[in-house]
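The values are calculated or read from the model by the stated rules, or taken from the named source; none is laboratory data. The model shown is predicted, which means the values in this text are computed figures rather than measured ones. Cβ coordinates were reconstructed from backbone atoms using ideal geometry, including for glycine residues, and neighbour counts include every protein chain displayed.
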Amino acid sequence: MDPLSHPSAPNPATSTALTNGPVKLSGAVMAHPRRAEAARLLAGRDVQGRVAVVLDPDPEGPPTALRTANPAWSCVAQDATHHLVLQDDVVLAEGFFAHAERVAAAVPHEAVAFYAGWEGRNGAVVRLAALTGAQWAYALQEHVPCLALLLPAHVARGYAQFAAEHGAGWPYDVVMQRYLNVCGVPVRLSVPSTVDHTEVPSIAGNSTHGWRRAAHYTSEAAGPTTYDCADFPVVPFYQYGEARCAVQYGTEREYVETERYLQRIGLLEHSHAAFAAAGPSPLSEQVARAVWMTGFALGTAVAGLTTEAPDPSVARAVMESLGPGGLCEDFTAEELNELVPPVRDLGLAALEEGRRAGSRGVAPAADAPAARVAVTGGEGGFGPQLARLLGDVGQHAGHFPHPVTGKDLDGVAYLVHLGSPATAPGRLADVLAAAEEAGVERLVYAGSAAVYRGSGEQAVTEETLTGPPHDPVALAWWREEEQCRQWGERSGIPVQVLRLAQPVGPHAPTDTTPAQWIHRVWTRKPLHLCPQRQHQVVDYRDVAGAIGAVLAARPQHPVFHVASGTYEEEELAELISVVARRTPWERLSDPGVRQPVMATDLIGTALRWQGSASLFDGMRALAQWLACDTHGTATRGPRRADGDG
C-alpha cells in the first residue's frame, strides 16, 4: 500500500452497516430560473426521482450561489443517509447516480467532490493522483469544489444554519469549506472526476474566472477498485500563470513558488538546465518556463510516490488540462485550445525529466547544522514561514515558539524577534532573557511602521522619531523598541530595529488595510476610500530578504525602514479588485489617523538592498490565504493503525 494512502472502509458490498442500513440518497439541483428547464433535465437523469430542482429564491438579487445553496442543502429527504447537490451547469458521467450510491456506502462519513476544476489547487491534486494511479485523494485547503458534492445527511441538514450564522457574504464554496472544517468532515476528490462543467456563462458571477472544466474527467462512472485515499505532501500546480507548490510542513501547508521549492530540494539547477536543453517552444518564455517547472515538479513528486511510470494516456490527458487551468483567466477558450498541444508536449517532457531526477533522489544533507538564526514572536504561521524564507537567502534559521529558554537558543548567533505588542505584550521580556542567557551575538527586532501613526508627518526618515509618540498604537510599538534598545545597552549585545511597512502575503497580520479591504471584498462589502491616503506595504518574501541583508552586514545602523512599494488609495483598491473581487467604492472625506510614508533610502545605500518580490503576487497570496487558509484545518480520513498514514 502507498504509505501516503489511508484505508478508509471495507468493500462497499459489506459496508452498509456503517450507515446503520442501506444507503438512501436524496439530492437537489440548484438553479437560476433562467436555467430551470436544464435543471429539470439534469434532475431527470436520476431515474428514481430522488433529485429536486431548487430555484434561486431571489433571482433579481446580486449574483451569488450562496443564496440557492441554503435551500438546496435543506431539502434532505427524511429517510436519506446522504444528500447530493448539483449545480445546473454540469455534465454527469454515465452511471453517475449508482456510482454515488456505491461511494456513499464505502465512505459514509466523508464529503465527496465528484468534480475538481482544472484552474484550482484541487484540480492539481487530481492530476497528481491520476499520475500515481490513485483513485481518490483528499482535498487541499481551498474552497470546496461544490459543483457536485455529496454529504452525509446529518451534515447536509446543518449547513443552512451555519451559512446563515457565519456566511457573512463569503462565497458559497468558502462557506462550505469553513463548515466542513468545523464539523471535522474530510473532503475526498474523485479521480478522475465523474462530473464536468459545461460551457454556459456563469450566472453566479464567475465568468471572470474564464473557461472552466474538470482537470481530469471520465464519461463512464465505473466502480472504483479501491477506496484508499491519497494525501500528498507536495502538490505542484499551475494557477494564474504561475508555477507553485503546496508543501506540507508539519501540520501546515505552505504555498511557495515552484522555483523556490525546487531550490529547497536541490533540483533547481537540474530543472533549468533541462529546460534550456529542451529547445525552442512556440509558447512565450514566461508560459514555457512556468509549464516546464510545473511538469518537472510533478515528475519529482510522482517519483517520490511510486516507481511505476504514469499511464501514457492519463499523462497526456492531465497535461492537456494544465495550460487551460493555469491561463484560463487571461485567454479565451479559442486561444486556450490553441495552446493545449504545445503546453501538453512541453509538460510531458518536463514530467519525464522530473521523474528521472526524482528517482535518483535528493542527496540527504549530512547532519544539518544547528540554526544560527532563531525566529521568535509573531502570530500564527508567519514565524515558521519566515524561518524557511531566511533559509532560502542563505541564513540557516529555525522557528522557536513561545515559551523559549536560553537552552533552546544554545548555539544561536542571531535572534530575530517579530514584535506583537497588542497580542503578546509580555512575551518580549522572556525572549530577551533567554537571548542574554544564550549569549546571542545580535538582536534584530522586526517592528512596524505603525510606530509613526498619528505623527502628523507626511514622510519620515529613520531619525524622525526622537521620543515616545502620542498615538496609543504607535506608543505600544515604540515601547517594545525601547525595551530592546535598553536591553542592548545593558547587555552589550547589538540591537537593530526594522520598521516594516504593512506586510502582505500568507500569515500576514489581519489588521492592516490590505487585509481588511480584501476581507471586505470577499464578503461583498464596498471599499471606503479617502483620496488623500497612501499605503506602504512590504511583501513577505522581501521581509526575509531585508533581514538576510541586515544579518550579512555589520550592525552599524540601529534602525532601517523596510518597504516594497507605496500605493495611492485608488491604486491599492484597484489591485485588490483584480486579485480578489470587485465591489463598489465609496468616498470618505475624513482620512482618519494618518500613516506617513517611510523613506527607504538608507537600507538601499547602506546594504544595497531593495524589494524585488512581485507585490501583485504577494497581494494575491494574501487574498487566497484569507479566503482559503484561515478557516480551520481539514480533518483527514482514517489512518493506518501503525501511524504511517
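Inside segment 387-436, residues that are of a type in the set (Val, Ile, Thr), surrounded by 18 or more Cβ atoms within 10 Å (Cβ to Cβ) and under 15 Å from Arg372 (Cβ atoms) make up a count of 2. Scanning segment 475-484 finds one or more residues that are touching a strand residue (DSSP E or B) at 6+ places or on another chain (Cβ under 6 Å), in a helix (DSSP H, G or I), in the same structural domain as Glu569 (by TED's automatic domain parsing) and among the charged types (D, E, K, R).
Does Phe296 satisfy the criteria of being surrounded by 14 or more Cβ atoms within 10 Å (Cβ to Cβ), part of a loop (DSSP other than H, G, I, E, B) and not aliphatic (A, V, I, L, M)? Before the answer, list the steps.
Details: surrounded by 14 or more Cβ atoms within 10 Å (Cβ to Cβ): yes; part of a loop (DSSP other than H, G, I, E, B): no; not aliphatic (A, V, I, L, M): yes.
Answer is no for this residue.
Out of Arg581, Arg533, Arg587, one residue alone is touching a residue at least 24 places away in the same chain (Cβ under 8 Å) and buried (at least 18 other Cβ atoms within 10 Å of the Cβ). It is Arg581.
Only one of Tyr179, Tyr240, Tyr172 is within 30 Å of Arg520 (Cβ to Cβ), in the same structural domain as Asn122 (by TED's automatic domain parsing), in contact with a Gly (Cβ under 8 Å, 6 or more places away or on another chain) and not charged (D, E, K, R); which? It would help to see each step written out before you state the result.
Numbers: Tyr240 fails: in the same structural domain as Asn122 (by TED's automatic domain parsing); Tyr172 fails: in contact with a Gly (Cβ under 8 Å, 6 or more places away or on another chain).
Within the list Tyr179, Tyr240, Tyr172, the selection yields Tyr179.
The residues of segment 204-224 that are under 26 Å from the mean Cα position of the chain (by Cα) and either of a type in the set (Lys, Arg) or at pLDDT below 90 (or both), listed by number, are Ala204, Gly205, Asn206, Ser207, Thr208, His209, Gly210, Trp211, Arg212, Arg213.
Listed residues Arg289, Arg244, Arg253; which is charged (D, E, K, R) and not in a strand (DSSP E or B)?
On the way: Arg244 fails: not in a strand (DSSP E or B); Arg253 fails: not in a strand (DSSP E or B).
One residue alone meets the criteria, Arg289.
Picking from residues in segment 512-558 that are in a helix (DSSP H, G or I) and of a type in the set (Ser, Thr, Tyr), the one that is farthest from the chain's Cα centre (by Cα) is Thr513. Taking the conditions (1) crowded, with 17+ Cβ neighbours inside 10 Å; (2) more than 21 Å from the chain's Cα centre (by Cα); (3) within 21 Å of Pro62 (Cα to Cα); (4) of a type outside the set (S, T, N, Q) in turn, Met176 satisfies each one other than (2). Report, ordered by the first and then the second residue, all pairs with beta carbons closer than 9 Å, sequence separation of six or more or different chains, a first member in segment 281-296 that is assigned by TED's automatic domain parsing to the domain that holds Gly266 and closer than 19 Å to Ile265 by Cα, and a second member that is of a type in the set (S, T, N, Q) and surrounded by 22 or more Cβ atoms within 10 Å (Cβ to Cβ). Once the first residue is assigned by TED's automatic domain parsing to the domain that holds Gly266 and closer than 19 Å to Ile265 by Cα and sits in segment 281-296, its partners that are of a type in the set (S, T, N, Q) and surrounded by 22 or more Cβ atoms within 10 Å (Cβ to Cβ) give Ala290/Thr258; Trp292/Ser271; Met293/Thr258; Met293/Ser271; Thr294/Thr258; Phe296/Thr258; Phe296/Ser271. The condition of being surrounded by fewer than 19 Cβ atoms within 10 Å (Cβ to Cβ), modelled with pLDDT of 95 or more, out of contact with any helix residue (DSSP H, G or I) (no Cβ under 7 Å at 6 or more places or on another chain) and over 19 Å from Arg479 (Cα atoms) holds for only one of Gly380, Gly439, that being Gly439. Count of segment 601-630 residues, restricted to those that are within 26 Å of Asn181 (Cα to Cα) and of a type in the set (Ser, Thr, Tyr), is 1. Can you run down the residue pairs with Cβ atoms below 7 Å, 6 or more apart or on separate chains, where the first is in segment 480-497 and over 21 Å from Gly378 (Cβ atoms) and the partner is not in a helix (DSSP H, G or I)? Taking only residues 6 or more apart or on different chains, the pairs are Pro494/Arg442; Pro494/Pro555.
So which residues in segment 55-70 are surrounded by 14 or more Cβ atoms within 10 Å (Cβ to Cβ) and farther than 17 Å from Asp173 by Cβ, if there are any at all?
Step one: list which residues in segment 55-70 are surrounded by 14 or more Cβ atoms within 10 Å (Cβ to Cβ), which gives 55-56, 59, 63-70.
Within segment 55-70, Leu55, Pro59 meet the criteria.
Name the residue, out of Arg355, Arg360, that is farther than 30 Å from Gly548 by Cα, at pLDDT below 95 and of a type in the set (Lys, Arg). Break it down stepwise before answering.
Working: Arg355 fails: at pLDDT below 95.
When all the criteria are applied, what remains is Arg360.
Say whether the condition of being in contact with a helix residue (DSSP H, G or I) (Cβ under 7 Å, 6 or more places away or on another chain), within 27 Å of Pro472 (Cα to Cα), assigned to a loop (DSSP other than H, G, I, E, B) and at pLDDT 95 or above is met by at least one residue in segment 562-569. Checking segment 562-569: at least one residue is in contact with a helix residue (DSSP H, G or I) (Cβ under 7 Å, 6 or more places away or on another chain), within 27 Å of Pro472 (Cα to Cα), assigned to a loop (DSSP other than H, G, I, E, B) and at pLDDT 95 or above. Is one or more of the residues making up segment 624-633 of a type in the set (A, V, I, L, M, F, W, C) and either at pLDDT 95 or above or part of a loop (DSSP other than H, G, I, E, B) (or both)? There is no residue in segment 624-633 that is of a type in the set (A, V, I, L, M, F, W, C) and either at pLDDT 95 or above or part of a loop (DSSP other than H, G, I, E, B) (or both). Among the numbered conditions (1) small (Gly, Ala, Ser); (2) in a helix (DSSP H, G or I); (3) buried (at least 22 other Cβ atoms within 10 Å of the Cβ); (4) modelled with pLDDT of 95 or more, the only one that Gly325 does not meet is (4).
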